[in-house]
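Each remark here refers to the structure printed beneath this line.
The values are calculated or read from the model by the stated rules, or taken from the named source; none is laboratory data. Everything numeric in this text was worked out from a predicted model, so none of it was measured. Using ideal geometry, Cβ is built from the backbone for each residue, glycine included, and neighbour counts are taken over all protein chains shown.
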Amino acid sequence: MARDAASESRRGRDGATVGGSGRRRPTGRRVAPPLEHRILMTATLCLLAFGAVMVYSASSPIGVLAARGGYGTGEFFRYLAFGAIGLGAMHVLERRGLTLLNERLVRFMLLGSFVLLLLVMLPGFGVDVNGARRWFAAGPIQFQPSELMKIALVLYVARYLADNPKRFEPSRRAGRRGERAGGMRNFRVAFAPIALVAGPACLLIVAEPDLGTALVIAFTIVALLLAAGMPVRYLAALGGVAVAAILFMALIQPYQMARLTSFLNPWASKSTAGFQAVQGQIALGSGGLLGVGLGKSVQKIYYLPEAQTDFILAVIGEELGVLGITGVVFLYGMIAYAGLRTARRAAGRYAKLLATGLTSLILCQGILNIFVVLGLAPLTGVPLPFISYAPTNLCIMLASVGVLLNISRPGARRLKVVDGPPAETAADRERRRRERGARRTAGGVRRRRAG
């Protein structure tokens with residue numbers, strides 16, 4: 001009797017309860033996210049929280065002085081609002097990233113980005129800020145279409161490289177000389193679909209002018225081509241063409257030439273083109289190893305232009321010192337490790353390339369900004385990912401992380417225990433015993449009749 005009661009209601013090793021009907025009731029369990037998922041989520045949220053603190057620290061004094069009182073929290077609250085929008089996008093893409101980002105949506109994003117890049121340069125549509133026409137504005141809210149183009153190009157190039165894995169393999173029909181010539185021809189044919197889309201997009205972005213975003217796109221595409229298996233000699237040729245194009249742009253645009261020359265010796269033009277670079281170096285030098293203290297920066301008060309945007313790392317260096325900059329670099333290193341680990345463990349060529357492209361997009365922008373602030377690269381106007389006050393960029397970066405999180409846990413779905421066979425009760429065993437006895441009796445009767 002006790003055995004019958006226990007057989008009617010018992011719990012298996014997998015947590016599924018077996019009721020009196022003999023069927024297991026499935027219970028759901030979530031698979032623990034993999035290591036790269038947890039690292040990526042932790043680093044992103046830490047950077048986002050740190051960015052909110054630093055945006056408030058860098059922007060509030062100017063806000064108070066410009067408004068002649070108040071709290072100077074306008075940019076801080078806008079950062080929080082766009083951060084919330086970005087987190088919502090990250091959550092949706094974490095769950096359905098690869099499902100939502102199909103080829104049709106990518107083509108629509110590319111077409112929409114081209115249209116917006118053309119419109120933003122027309123009078124009456126785009127907003128002119130410090131000689132650059134890069135934004136649409138509606139009151140305090142601004143939208144930068146080049147940021148949308150960045151992620152659209154990564155999606156397009158990753159899809160093209162995944163669908164054409166053998167396009168970049170050199171021809172081996174002739175000898176070595178013929179092989180190189182055939183390989184170069186094959187490369188030109190294979191690279192043409194990428195160049196026909198990425199080339200005009202970069203030219204439109206440079207014309208805004210926004211050379212920094214164009215460089216980030218170029219570096220990201222190079223990383224994707226390298227991950228897809230392009231020979232290094234072809235990458236070197238592309239690099240030479242890119243350097244020649246940048247020099248040509250610098251020659252035809254006086255302000256770009258001024259930025260390039262001021263990078264070589266910023267103190268020679270410390271009151272004109274090199275002013276921001278010099279003030280950034282003063283901020284970094286003032287911080288020393290441990291910084292002057294959070295919120296105590298002097299350079300951010302009318303000395304360092306737009307301290308909350310492109311040069312927020314200089315404010316970090318002044319207030320938190322080398323230790324603060326090291327912490328930021330360490331968090332980006334966590335994203336690099338988690339993103340590349342995600343790319344290596346992803347299922348499918350497209351997922352691998354997309355994870356590589358999105359990780360490269362975040363890292364290329366972060367490295368370029370750090371190099372600019374440290375004086376290792378010319379001024380480009382690229383924000384520091386997740387930290388700078390750059391609403392559109394913040395949303396795009398968080399959306400990119402959402403896709404990476406989706407790729408990092410392809411099997412993270414609620415599991416259900418498969419229904420097993422019905423549990424055998426005492427009545428079932430007794431019925432089965434009687435059936436076996438009846439079959440044995442019938443078999444014996446047939447044998448006697450045959451004998």
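Listed values, structure above:
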{"read-out": "Every residue from segment 210-244 that is of a type in the set (Gly, Ala, Ser) and under 27 Å from Met397 (Cα atoms)", "value": "Gly212, Ala214, Ala218, Ala223, Ala227, Ala228, Gly229, Gly239, Ala242"}
{"read-out": "Yes/no for Thr309 being polar (S, T, N, Q) and either in contact (Cβ under 8 Å) with a residue 40 or more places away in the chain or in a loop (DSSP other than H, G, I, E, B) (or both)", "value": "yes"}
{"read-out": "Every pair of residues 6+ apart whose Cβ atoms lie under 6 Å, when the first sits in segment 133-153 and is without any contact (Cβ under 8 Å) to a residue 12 or more places away in the chain while the second is surrounded by fewer than 24 Cβ atoms within 10 Å (Cβ to Cβ) and not charged (D, E, K, R)", "value": "Ala137/Val127"}
{"read-out": "Residue match in segment 249-264 (condition: touching a residue at least 24 places away in the same chain (Cβ under 8 Å) and hydroxyl-bearing (Ser, Thr, Tyr))", "value": "yes"}
{"read-out": "Residues of segment 140-161 satisfying the condition of being touching a strand residue (DSSP E or B) at 6+ places or on another chain (Cβ under 8 Å), buried (at least 20 other Cβ atoms within 10 Å of the Cβ) and either of a type outside the set (Gly, Ala, Ser) or part of a loop (DSSP other than H, G, I, E, B) (or both)", "value": "Gln144, Pro145"}
{"read-out": "Candidate set: segment 187-203, residues that are among the hydrophobic types (A, V, I, L, M, F, W, C) and within 23 Å of the chain's Cα centre (by Cα); chosen: the one nearest to Gln253 (Cα to Cα)", "value": "Cys202"}
{"read-out": "Matching residues, segment 203-219, being farther than 17 Å from Ala192 by Cα and outside any loop (DSSP other than H, G, I, E, B)", "value": "Leu204, Ile205, Val206, Leu211, Gly212, Thr213, Ala214, Leu215, Val216, Phe219"}
{"read-out": "Criterion: modelled with pLDDT under 90 and under 30 Å from Asn164 (Cβ atoms) - qualifying residue of Ala245, Ala307", "value": "Ala245"}
{"read-out": "Residue within segment 319-329 that is in contact with a Lys or Arg (Cβ under 7 Å, 6 or more places away or on another chain) and in contact (Cβ under 8 Å) with a residue 40 or more places away in the chain present", "value": "yes"}
{"read-out": "Checklist (1) within 23 Å of Leu148 (Cα to Cα); (2) at pLDDT 90 or above applied to Gly381, failing item", "value": "(2)"}
{"read-out": "Which numbered condition Ala67 misses (of (1) at pLDDT 90 or above; (2) of a type in the set (A, V, I, L, M, F, W, C); (3) exposed (fewer than 15 other Cβ atoms within 10 Å of the Cβ))", "value": "(1)"}
{"read-out": "Neighbours by Cβ (under 7 Å, 6+ apart or cross-chain): first from segment 27-53, outside any helix (DSSP H, G or I); second at pLDDT 90 or above", "value": "Pro34/Ser408"}
{"read-out": "Residue among Leu294, Leu225 that alone is loosely packed, with under 15 Cβ neighbours inside 10 Å and in contact (Cβ under 8 Å) with a residue 40 or more places away in the chain", "value": "Leu294"}
